[in-house]
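Below: one structure, written as structure tokens.
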Amino acid sequence: MEFITRHAEASQVLSETLWSHRDEASLFHPDADRSKLPTSFLWMDPPDHTRLRSLVSKAFTPKRVLDLEPRITQLVTGILDVARSSGEIEAIEAIAYPLPLIVVCELIGVPEEDWAMVHRIGPHLARGFDPDRVLSPAERQARDDATMELIAYFRDLIAKRRTDPCDDVASALGAVHERGDTLSEYEMLTVCITLLIAGHETTVNMVGNGLLAFLRHPGQLDLIRECPELAGPAVDEVLRYDSAVHMTTRTARRDLVVGDRTFAAGSSVCVLVGSANRDPRAFENPDTFDVTRYASGRPTPRHLGFALGIHYCMGAALARIEGEILWRELARRVRVLEPAGDPVYRPNLLIRGLKSLPLRLV
């Protein structure tokens, strides 16, 4: 497998359907039990990818995301008020986890009494997306156990929603399956798992990575304080500067040319998103964290933090609004971020982020 590290080449590979994503399971997890890899449409090509994505996309319509804005604002202000009153906090547990976890659980229909279970299981699945060769036997087993626990959980939850439906994704998927539409039970269950994990673990890392960037570049939070409309562009800069997802694979469906290289049909590549997002050929001063980079009027290339093409992140609009509200309220409510200890990273390669970030909020 070859690596794609430059922004232009990575953008080409990610945006073209001639590069297939269906082989990532065999590339990263060649000996794993596929029934315990809850990837759903993430590792599919059309037409199955199109069929499943079209069903799930109804949960992320622009109207539905906008309707969540008051609830997200309420959560952000409450989380930050508690963090400020605490003085010294562990920011991943106090800020980065609660916001996306609560939002995605409420969207899917996971009741509050089960949020702790999701929080316990999520890191095992996030780590489990890494190539099996870098996982210990205990980590692979933890991933498999977490998958089976969530399959059983969602089978029970959707059965309950069929008799007592709510305005949530679990109820909608249960109704689709009951109508006999093109959705098997396994697809329905793995869609729920995919949305649950992808909908909060990646955003946890976006928030944690962003907090660390603001901690190390305090003048950037001052800019948002002075100009709150920079909170939106700051989301894109956080994702460019310190990507929450660092790599993905593609396989050539026929002979293809990328840059100055030719790839034979069936050959695979690993796209290093973090590298492409720091490519000096695409970005001016790529190693500088600059919340004005994506401000209106600045001709900046798209970052690849949400991918491109048919696998563009379905929850991008939701992650954007979560990040925008958080950065705006953080700048408004917190005068200074100070370190209260050293940051500690998870060992993850693919979904990359912090395990711990001790902070003092002033």
Exercise. For the range 84-105, which residues satisfy the criterion of being at pLDDT 95 or above and acidic (Asp, Glu)?
Worked result: Glu90, Glu93
Problem set entry | Set Leu55, Leu66: member being buried (at least 16 other Cβ atoms within 10 Å of the Cβ) and in a helix (DSSP H, G or I) | Leu55
Exercise. Would the range 89-98 turn up any residue that is over 20 Å from Pro358 (Cβ atoms), in contact (Cβ under 8 Å) with a residue 40 or more places away in the chain and either in contact with a Pro (Cβ under 8 Å, 6 or more places away or on another chain) or among the β-branched types (Val, Ile, Thr) (or both)?
Worked result: no
Exercise. From the list Val118, Val104, Val110, which residue is assigned to a helix (DSSP H, G or I), buried (at least 23 other Cβ atoms within 10 Å of the Cβ) and either touching a residue at least 24 places away in the same chain (Cβ under 8 Å) or small (Gly, Ala, Ser) (or both)?
Worked result: Val104
Exercise. Name the pairs whose Cβ atoms lie under 6 Å apart, with the first residue in the range 277-297 and closer than 17 Å to Leu230 by Cβ, the second surrounded by fewer than 20 Cβ atoms within 10 Å (Cβ to Cβ) and not aliphatic (A, V, I, L, M), and 6 or more positions between them or separate chains?
Worked result: Phe289/His217; Arg293/Thr300; Tyr294/Thr300
Exercise. If you take the residues of the range 285-300 that are surrounded by 12 or more Cβ atoms within 10 Å (Cβ to Cβ) and at pLDDT below 95, which of them is farthest from Gln220 (Cα to Cα)?
Worked result: Thr300
Problem set entry | Close pairs from the range 3-22: first among the charged types (D, E, K, R), partner part of a loop (DSSP other than H, G, I, E, B) and surrounded by fewer than 23 Cβ atoms within 10 Å (Cβ to Cβ), Cβ under 6 Å, at least 6 apart | Arg6/Asp279; Glu9/Gly259; Arg22/Met44; Arg22/Asp45
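Take Phe283 and tell me if it is part of a loop (DSSP other than H, G, I, E, B) and either of a type in the set (S, T, N, Q) or over 28 Å from Pro62 (Cβ atoms) (or both).
Taking the combined requirement at face value, the residue satisfies it.
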For this session: Consider Arg140 carefully, then state whether it is surrounded by fewer than 18 Cβ atoms within 10 Å (Cβ to Cβ) and in contact with a helix residue (DSSP H, G or I) (Cβ under 9 Å, 6 or more places away or on another chain).
Result: no
Seminar exercise, completed: From the option list Leu189, Leu221, single residue qualifying as touching a strand residue (DSSP E or B) at 6+ places or on another chain (Cβ under 9 Å) and at negative phi is Leu221
Exercise. So which residues in the range 140-166 are part of a helix (DSSP H, G or I) and either in contact with an Asp or Glu (Cβ under 8 Å, 6 or more places away or on another chain) or in contact (Cβ under 8 Å) with a residue 40 or more places away in the chain (or both)?
Worked result: Arg140, Arg143, Asp144, Thr147, Met148, Leu150, Ile151, Tyr153, Arg155, Leu157, Arg161, Arg162
Seminar exercise, completed: Residue count, the range 315-362, condition assigned to a strand (DSSP E or B) and either surrounded by 22 or more Cβ atoms within 10 Å (Cβ to Cβ) or among the basic types (Lys, Arg) (or both), comes to 5
For this session: Go through (1) in contact with a helix residue (DSSP H, G or I) (Cβ under 7 Å, 6 or more places away or on another chain); (2) not in a loop (DSSP other than H, G, I, E, B) and name the single condition Asp290 misses.
Result: (2)
For this session: Restricting attention to the range 85-108, report how many residues are of a type in the set (Val, Ile, Thr) and under 16 Å from Leu215 (Cα atoms).
Result: 3
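The values are calculated or read from the model by the stated rules, or taken from the named source; none is laboratory data. All of these numbers come straight from a predicted model, not from anything done at the bench. All Cβ positions, even for glycine, are placed from backbone atoms using ideal geometry, and neighbour counts span all protein chains on display.
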